């Protein structure tokens, strides 16, 4: 292998990392407004209860304190999840896919209020970059929410998002399925191309980053869709093969 080939490959990897980081920052920017709203609600509980606490006594006082403690815990959980997502990757570690999905759904909870979320999550351990897998799940689920909102602007019993994690042989599987507008064959062929997007204001980086993260983990990603009927993303990851470090 020539030195120029090695240098070119390394430059490609560095570019991929920079674009993945840009996508990560874009996700954080998108989430910021929703996170502020989520924090405002429990803060209101605390603010409204403080004057009542001064006058309350006995059982009533205990109930108010419990409400305030619960609100404080909600704020702590929201901030913790977001900080875990944005902080520098800790590298390869044993990761439970069930935990990855649950954290990702909590981060997107403000967008899922009008969506019927159905989860079948088994504890499946893989060697992975936890933050990168969360980035994969968040990107796909966020696209699913967009697709569902296009088809069902209001709450609807068919506005369904299904997420599964399970083990099949030596593989760990994440399935994310929605009943949104679906993906045309032309779009499906280009969905993982860099800078390709069908959204107004979209960067076209999200699904390209998803593809590269899955590939870096030695995995595969498959898209099944019928236009008008929804889409399913199937991510297959090795559970035992060593992960190539980035």
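The values are calculated or read from the model by the stated rules, or taken from the named source; none is laboratory data. Because the structure is a prediction, the values reported are computed rather than measured. Quick reminder, even Gly has a Cβ in these numbers, built from the backbone with ideal geometry, and neighbours come from all protein chains shown.
Can you name every residue in the range 65-97 that is modelled with pLDDT of 80 or more and surrounded by 17 or more Cβ atoms within 10 Å (Cβ to Cβ)? 92, 95, 96, 97, listed by residue number. Residue 169 falls short on exactly one of the conditions (1) without any contact (Cβ under 8 Å) to a residue 40 or more places away in the chain; (2) more than 22 Å from residue 95 (Cα to Cα), and that condition is (2). The one condition from (1) surrounded by 17 or more Cβ atoms within 10 Å (Cβ to Cβ); (2) closer than 19 Å to residue 105 by Cβ that residue 183 does not meet is (2). Does residue 183 meet the test of being at pLDDT 95 or above and in contact with a strand residue (DSSP E or B) (Cβ under 7 Å, 6 or more places away or on another chain)? For residue 183, the condition - at pLDDT 95 or above and in contact with a strand residue (DSSP E or B) (Cβ under 7 Å, 6 or more places away or on another chain) - is not met. Would you check if there is a residue in the range 114-128 being surrounded by fewer than 21 Cβ atoms within 10 Å (Cβ to Cβ), part of a helix (DSSP H, G or I) and touching a residue at least 40 places away in the same chain (Cβ under 8 Å)? The answer is no, given that none of the residues of the range 114-128 is surrounded by fewer than 21 Cβ atoms within 10 Å (Cβ to Cβ), part of a helix (DSSP H, G or I) and touching a residue at least 40 places away in the same chain (Cβ under 8 Å). Taken over the range 140-167, the criterion of being more than 19 Å from residue 99 (Cβ to Cβ) and part of a strand (DSSP E or B) is satisfied by 160 alone. Candidates 232, 215, 226: the one that is at pLDDT 95 or above and within 26 Å of residue 120 (Cα to Cα) is 232. Here residue 200 does not fit the description of being within 24 Å of residue 182 (Cβ to Cβ), modelled with pLDDT of 80 or more and in a loop (DSSP other than H, G, I, E, B).
Only a single criterion out of (1) touching a residue at least 40 places away in the same chain (Cβ under 8 Å); (2) more than 24 Å from residue 117 (Cα to Cα); (3) out of contact with any strand residue (DSSP E or B) (no Cβ under 8 Å at 6 or more places or on another chain) is not satisfied by residue 198, namely (1). Residue 103 fulfils the conditions (1) at pLDDT 75 or above; (2) more than 30 Å from residue 235 (Cβ to Cβ) except for a single criterion, (2).
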